[in-house]
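Throughout, read-outs are computed from the coordinates displayed, never taken from laboratory work. Note that the structure is predicted; figures quoted are calculated from it, not measured. No Cβ is skipped: glycine too gets one built from the backbone with ideal geometry, and neighbour counts run over all protein chains shown.
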Amino acid sequence: MKSNSQGLFGFRGRQSRVLLVVAASVFAVASARADNLENFTFSGTLAQSYMGGDTVSGTFTLDTGGAGSITAFDFTTPTGAINASDGFTASVVTFTPAYSPAADFVQLSFSDADDLLVLNFETALPTFSGSTFYPGRIEPTQVTASTSELLCFDPPGCFASGFTSASVTPVTTSAVPEPRSSFLLGSVLLAVTVVLVRRRTTLSS
């Protein structure tokens, strides 16, 4: 028959192993989440100019995990600034594949009540690199069409133009910020595991 101390050590040992596994899982999930975030710079030339300008430039952060999302963006266009502070929202739509061309596309759109910026890329979302900007017309279905373009419906006049070309470059960062809450939880669980292991060692010596 096992002694109470042996049962206690066995129980604490199991506790330690469980907590260690949970902590490792939390760190792994947080790291995977961070690895899905990619920062990009964008610079494109419009086919038509507006108020003497024909360049759209800016940055955006894309989360390629799951259905995808844009977590940050800031563009300068001939029609004005496009960012969350000015009331714009961003969305990600994937066509896998589109009707024509029959290929996978990722569509990024940024809009408010008066302006719309659409950027299409010929790629699947998990392999998005920014290098496949698509300025031509695509047909997601037989009855819909889309093109990379800048639209403005704000007076004194409407404006609509596609792109002749664009350059999209990943931004290299020294470290990707991790979600604080996940790492805090992981750190606490890891610390508790260490304390339990040390107590077990002390009691058994």
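Some observations on this one:
- Paired Rg and Dmax values of the range 37-170, which use every Cα atom, in angstrom: 14.0, 41
- Using the Cβ-Cβ distance between Ser85 and Met51 with R0 = 22 Å, the FRET efficiency computed as 1/(1 + (r/R0)^6) comes to roughly 0.50.
- Signed unit charges on C-beta, dipole axis of the range 37-170, positive-most listed residue Phe128, Thr59, Ser43: Phe128
- Between Val93 and Glu139, full extension at 0.36 nm per residue minus the direct alpha carbon distance yields a gain of 15.2 nm.
- Across the range 89-161, the convex hull enclosing all Cα atoms gives 90 Å³ per residue.
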